[in-house]
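Shown next, in structure tokens, is the structure this report addresses.
The values are calculated or read from the model by the stated rules, or taken from the named source; none is laboratory data. The structure presented is a predicted model; accordingly, all values stated were derived computationally and were not measured. FYI the Cβ positions are ideal-geometry reconstructions off the backbone, even for glycines, and counts take in every protein chain you see. Ligands, DNA and RNA are excluded from the accessible area calculation, which covers all protein heavy atoms including side chains. Shrake-Rupley method; radii C 1.70, N 1.55, O 1.52, S 1.80 Å.
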Amino acid sequence: MKNLLLALAFLFSSVVIAQNPMTQNMDDPKLEKEAKELTQKYNDQLGLTGKQVLLFETKVEEHLINAKKIRNSNLQTKEKIAELKLNYANESKDMGDILTKPQLDLYKKLKPEYQPIDPVVVKKAPNKI
């Protein structure tokens with residue numbers, strides 16, 4: 001019995017201290033603030049529960065970080081665009097685990113207005129004269 005309690009205590013403590021690998025490598029206060037602001041905008045329309053707010057904000061921040069990593073990568077422009085579109089779609093898919101069906105439907109309608117995909121900036125090489 002003592003071993004069972006010890007094992008359960010260890011299991012629960014490891015879950016509590018676990019960190020998300022996406023966010024632990026890139027601590028960006030701007031993205032954290034943007035995630036909070038986006039969550040508040042969506043919450044005004046979706047009426048999220050307390051638990052949903054926390055999960056939603058975390059998921060938004062994860063995808064913002066992923067988008068920043070894609071934009072800063074050495075991928076070709078077409079590859080960046082494809083990866084950004086995939087990240088955008090995955091975010092919507094992930095929200096299906098957090099939101100109710102009516103909330104998810106409204107989220108998908110609001111997302112293009114609240115989170116449009118910014119264009120990929122192509123850096124040009126300097127002109128040689």
Quiz item: Has region 45-52 got at least one residue that is touching a helix residue (DSSP H, G or I) at 6+ places or on another chain (Cβ under 7 Å) and free of Cβ contacts under 8 Å to residues at least 24 places away in the same chain?
Solution: no
Quiz item: Looking at region 93-106, is at least one residue assigned to a helix (DSSP H, G or I) and of a type in the set (Ser, Thr, Tyr)?
Solution: no
Quiz prompt | Output for region 69-99, where each listed residue is out of contact with any helix residue (DSSP H, G or I) (no Cβ under 9 Å at 6 or more places or on another chain) and under 18 Å from LEU54 (Cα atoms) | solution = LYS93
Quiz item: Does region 58-68 contain any residue that is farther than 24 Å from VAL121 by Cβ and of a type in the set (Ser, Thr, Tyr)?
Solution: yes
Quiz item: Which condition number does LEU38 fail, the rest of (1) farther than 23 Å from ILE117 by Cβ; (2) at pLDDT 95 or above being met?
Solution: (1)
Exercise. Look through region 34-57, keep the residues that are crowded, with 20+ Cβ neighbours inside 10 Å and touching a Leu at 6+ places or on another chain (Cβ under 7 Å), and return whichever of them is farthest from LYS109 (Cα to Cα).
Key: ALA35
Quiz prompt | Per-region count, region 58-82, residues open to solvent by 40 Å² or more (accessible area, probe 1.4 Å) and among the charged types (D, E, K, R) | solution = 6
Quiz prompt | Single unsatisfied condition, ARG71 versus (1) under 15 Å from the mean Cα position of the chain (by Cα); (2) modelled with pLDDT of 95 or more | solution = (2)
